[in-house]
Amino acid sequence: MIIVMFLTDCIPWLYGYDYTHKIPFSPRVDCQRIDQIKIKTMKKILLLAAIATTIYACSNSGNTDQANEKETKESTEQTAPAAPAANDKGIGKFQNVTIDPKLDEPMATKGQSVYDVKCSACHKLTDERLVGPGWKGSTSRHTPEWIMNFVTNVDEMLNKDPKAQAQLEVCLVRMPNQNLTDDDARSVYEFMRKNDGVK
C-alpha cells in the first residue's frame, strides 16, 4: 500500500502525467514546477532507501552477533589449552596461610616499605589502575594464598592461573618478578589488609 502511494506520488514525471494534481505535462507547464517535482521525488526515493537500509541492517544485526558469539565460543573451545581448574589459592607453595583477624602493625609497616620500593611504581593504593591494578579491595577479591603465590611465583601464575590471566588481559603488561621473599610476601599482604581498612 505504501509503495503504491509512493510510486503514484513520486514518479509521475516518468509517464508524463501528474496523478496527484491531474495535470498533464505539456510544453506550457512551468519548468520550475517540473524541477520541484523531480527534487521531491528524489528526496522521497532517498528516504525510502534509507529506511529500507536501516530495516535491513537492524534485522540482520542480531543474527550476526549470535553467529559471531557462537564462532568465538567454538574457536575458544577448540584452541584453548585445558586450563587447570580455578584454584582460589593460586599456584605456588602457599596453600594454607593463617591470618589473624587483627592487623599485625609491625608486619604492615615492613610491607609498606616493600611496597614503596618495589610496588608503588605500578600499583596505586586506590582502586585506580596505574600500570597494574589498584590495591584497594584486593584482600576481599583474592585469598591470602593467591596474593602471596602471585607475588612470589609471578611467571607461573600468569601462565597457568585463570584469575591472573584475566588480570593480564585487563592490564596488558606482565608483572615483573620482584624476587620477594616469603616474609616480604606476607608483609605485603598485611600492608594490603591495612590499606583495606583492617585494624
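The values are calculated or read from the model by the stated rules, or taken from the named source; none is laboratory data. Note that the structure is predicted; figures quoted are calculated from it, not measured. Neighbour counts run over all protein chains shown; Cβ positions are idealised from the backbone, glycine included.
At-a-glance table
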quantity	calculated
Filter result for PRO84 (part of a loop (DSSP other than H, G, I, E, B), over 14 Å from SER187 (Cβ atoms), at pLDDT 90 or above and not β-branched (Val, Ile, Thr))	no
Which listed residue is over 30 Å from GLU156 (Cα atoms) and modelled with pLDDT of 80 or more, from ILE45, ILE34, ILE99, ILE91	ILE45
Close pairs from segment 122-145: first assigned by TED's automatic domain parsing to the domain that holds TYR189 and exposed (fewer than 14 other Cβ atoms within 10 Å of the Cβ), partner outside any strand (DSSP E or B) and acidic (Asp, Glu), Cβ under 7 Å, at least 6 apart	SER140/ASP196
Any chance LEU130 is in contact with a Lys or Arg (Cβ under 7 Å, 6 or more places away or on another chain), modelled with pLDDT under 95 and among the hydrophobic types (A, V, I, L, M, F, W, C)	yes
Residue selected from segment 166-178 under the condition touching a helix residue (DSSP H, G or I) at 6+ places or on another chain (Cβ under 9 Å) and farther than 17 Å from THR143 by Cβ, by the criterion surrounded by the most Cβ atoms within 10 Å (Cβ to Cβ)	MET175
Spans of helices (runs of 4 or more DSSP H) in segment 107-199 with at least 1 residues over 20 Å from VAL97 (Cβ atoms) and among the aliphatic types (A, V, I, L, M)	154-160, 162-171
